[in-house]
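These notes are about the structure you will find just below.
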Amino acid sequence: MTLGELWPNMRLMSRCLAVPGWLLAILGMGAALFVAITSGLKVSSTLQMIQVVGSTAAALSIVLLACAVFSQPLDKPRSARWQLSLSNELPVMVRSFYFGALMMLAGAIAFSVIGLFLVGGPTSQTLAFSQVFLTGACASALSYLLFSRACSLDEPEA
């Protein structure tokens, strides 16, 4: 099952909230990655502004994606959803968001720990890389929740 096959199962409001959420997540991750790559030991005022814009975009993307998840109706009883989430009946595309979120979270934790053990404390680069991975983890996890809500029980995996 692909995103194109899941898209019609999603409520219009969820789609209208998810698309800007994904775009803002891309903007937030891109801005943080730009700051992480171009900053040296000192961060200029321009890079600080880019980092603030990226952080704001990342926070807005998380809010929009969370609203998209909660606006998607649950058409399955709780016991059926629990059995579906424990089994391999979710499409591979949906499950990949879950594993992607775990890997991105591991990256965020790794850069945070590296920043704590640096002699001078966390640098702007470790903070920016942590922001990239944390934004990616949140966007992947919320996308997993959104798509798993859109999956129906009676549709087999292709």
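The values are calculated or read from the model by the stated rules, or taken from the named source; none is laboratory data. This one's a predicted model, so the numbers in the text were calculated from it and none came from an experiment. Surface accessibility is based on the protein's heavy atoms, side chains included, excluding ligands, DNA and RNA. Shrake-Rupley method; radii C 1.70, N 1.55, O 1.52, S 1.80 Å.
For a quick check of understanding: with a 1.4 angstrom probe and all protein chains in place, what accessible area in square angstrom does Tyr98 have, to the nearest ten?
Approximately 100 Å² for this residue.
Pulled fully out, how much extra length does the chain show between Leu12 and Leu33, if you take 0.36 nm times their separation in residues and subtract their Cα-Cα distance?
4.4 nm
With a 1.4 Å probe and all protein chains kept in place, how much accessible area does Thr126 have, in Å² rounded to the nearest 10?
10
Tell me, in nm to one decimal, what length is gained between Leu3 and Leu23 on full extension, where the rule is 0.36 nm per residue of separation less the Cα-Cα distance?
5.6 nm
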